[in-house]
Amino acid sequence: MDEKKSCLVIHGVGEDGERFRPSDWIERISASVARFGGDRRLRYDARVLPVVIDGERCLYVSPELAHDAPQLYNHIVAFAAANRLRVEQGACRQAAA
């Protein structure tokens, strides 16, 4: 993925600074579009990645998802808005190996 693209970064905390529950919501969303590889390990989709930023669990959502799977993109954005999660723009990153 191109590092210069701007992804949505959805933080695991709300606008009020409180941690969002359930705490595994990032993994649930990421796993919903992940696939198992030949080695039976879960491979995250490069367009929806769980990441840790400064010790905080976050979800990267690539702008490519809006084009490739607009319903999923809209669902994730609506989920973040409905739960008042902190959302910002950030550079896209690759999944950790």
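Where a number appears in this text, it was derived from the coordinates with a stated rule and is not lab data. Keep in mind the model is a prediction, meaning the values are calculated, not measured. Because the Cβ atoms are built from the backbone with ideal geometry, glycine has one as well, and the counts that use them run over all protein chains shown.
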Positive end of the charge dipole of region 6-91 (Lys, Arg +1 and Asp, Glu -1 on Cβ, about the Cα centre): tell me which of Gln71, Val52, Leu42 has its Cα farthest that way. Leu42
Taking a Cβ-Cβ separation under 4.7 Å as the criterion for a possible partner, which cysteines of the chain have none? Cys58
Test of understanding: ordering Leu42, Leu85, Leu65 by Cβ neighbours within 10 Å, fewest first, what list do you get? Leu42, Leu85, Leu65
Compute the angle between helix 70-82 and the longest alpha-carbon principal axis of the chain, please, reported from 0 to 90 degrees and rounded to the nearest 10. 30 degrees
How much FRET efficiency would the formula 1/(1 + (r/R0)^6) give for Glu27 and His67, where r is the Cβ-Cβ distance and R0 is 22 Å, rounded to 0.05? 0.35
Separation between the Glu56 and Glu15 pseudo-spin-labels, each 7 Å from Cα along Cα→Cβ, expressed in nm? 1.5 nm
Computed FRET efficiency, Cβ-Cβ of Arg84 and Phe36, R0 25 Å: what is it to the nearest 0.05? 0.15
Taking only the alpha-carbon atoms of the chain, what semi-axes of the equivalent ellipsoid follow from 5 times the gyration tensor eigenvalues under a square root, in whole Å, largest first? 20, 15, 14
